[in-house]
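This report concerns only the one structure given below.
Please treat every number below as a calculation from the coordinates, not as lab data. Just so you know, these numbers come straight off a predicted model, no measurement behind them. Reconstructed Cβ throughout: ideal geometry from the backbone, glycine too, with neighbour counts over all protein chains shown.
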């Protein structure tokens, strides 16, 4: 992290913000946080938002204050940042097999309840060894591949053997099943996403039934993302949902079609950029690859549908206009909605909260760059 915050203070006009900068519209953020909290509460389902999206303790605290049971994260470094910020229940929804990282997780149990996913017997052995140094038992979740094709045990018989190993291990607590279908999140229509989650629930049901025949409770079945949480919530199979991107909403999620009955989340994250050069056919802005991620496609220019962002390089982006539409002027400011919010946030040290035309807050992104 840089040693200095942006050169603005709370109360300053947005016009005083140097570009490029990462902004969050606080009205929209609060709308999104409240909408998801209300959805979970109304259905009696646990909400454990994914902190890999915002990586920011200030936002995590607001989620917990609105009823979240804790947070998810992907890396040990993220868990360390959130626990240091006072989050008392953190689940690492990923496999951790490096002994040094596992010892770091074990140390966090002195200040928080810690969980982690397992999909291999070696993971059980190493986590149990590290748990010997823990202040309290570590929550171990069996990761079950319900369609994502990434991490996780694929077969029910494998899953049962691994759960047996977890139950037998000292200082580990078999807490539940992690069943996240990542590939379903950006299927564009509700019908496609619903179909994918129905298949995930059917496969999950085979494991839960096998456990029931053994008299072993399945524990907390957790999963779901911003694209599919309504379907996991309605399935009866999940006790907990893990949406992350709903706090910001990016262009990629904006391309989804949403069921009528679900909350409407608004884009709240923006890269503020300025026109630094101008030609007859394009304008050049000061936000390129180092300012936002384009792995899920280009950003859109908020409120300016006649403009398109294209051809990013390290420090530049090109703005083109539809036929006959004027280009933005030199030094004109544009608000970009990133294509993918998670890796965009990871490029920045500070998040500037704005409301009613002014800077209201400047938040450090404590887990930025926490890759290990």
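Quick one: compute the contact order of region 224-372, relative version, from alpha carbon pairs under 8 angstrom and 6+ residues apart, as a percent. Across region 224-372, relative contact order equals 22 percent.
Rank by packing, highest mean first: peptides 196-206, 252-262, with packing defined as the count of other Cβ atoms within 10 Å averaged across residues.
Working: 196-206: 18.7, 252-262: 14.3.
Highest-to-lowest ranking by the protection proxy: 196-206, 252-262.
Helix 99-108 and the longest principal axis of the Cα set of the chain meet at an angle near 90°. Distance between the 7 Å Cα→Cβ label points at residue 311 and residue 261: 4.9 nm.
Across region 62-111, counting alpha-carbon atoms alone, Rg and Dmax equal 11.0, 35 Å.
List 320, 96 from most exposed to least, where exposure is judged by having the fewest other Cβ atoms within 10 Å.
Values: 320 15, 96 22.
Neighbour counts put them in this order, fewest first: 320, 96.
Helix-only arithmetic for the chain: the sum of -39500 (n - 2.57) across DSSP H runs with n ≥ 4, divided by the residue total, places the mean residue ellipticity at 222 nm at -9000 deg cm²/dmol.
The coefficient of translational diffusion for region 224-268, derived via Stokes-Einstein from the alpha carbon Kirkwood radius under 10 °C and 1.306 mPa s, stands at 143 µm²/s.
Need one word for region 26-252: rounded, prolate or oblate. Basis is the Cα gyration tensor (sqrt eigenvalues a ≥ b ≥ c); a/c below 1.5 gives rounded, then a/b vs b/c decides.
Values: a/c = 1.86, a/b = 1.13, b/c = 1.64.
Note, shape of region 26-252 comes out oblate.
Arranged from fewest to most other beta-carbon atoms within 10 Å of their beta carbon, 189, 344 become 189, 344.
Counting other beta carbons within 10 Å of each Cβ, put 290, 55 in order, fewest first.
Exposure proxy ranking, most exposed first: 290, 55.
The angle between the Cα long axis of helix 121-131 and the longest principal axis of the Cα atoms of the chain comes to about 90 degrees, rounded to the nearest 10. For the chain, find the longest principal axis of its Cα atoms and tell me its angle to the long axis of helix 26-43, 0 to 90°, nearest 10. With rounding to tens, the tilt is 30 degrees.
The peptide list 346-352, 14-20, put in order of mean Cβ contacts within 10 Å with the highest first, becomes 346-352, 14-20.
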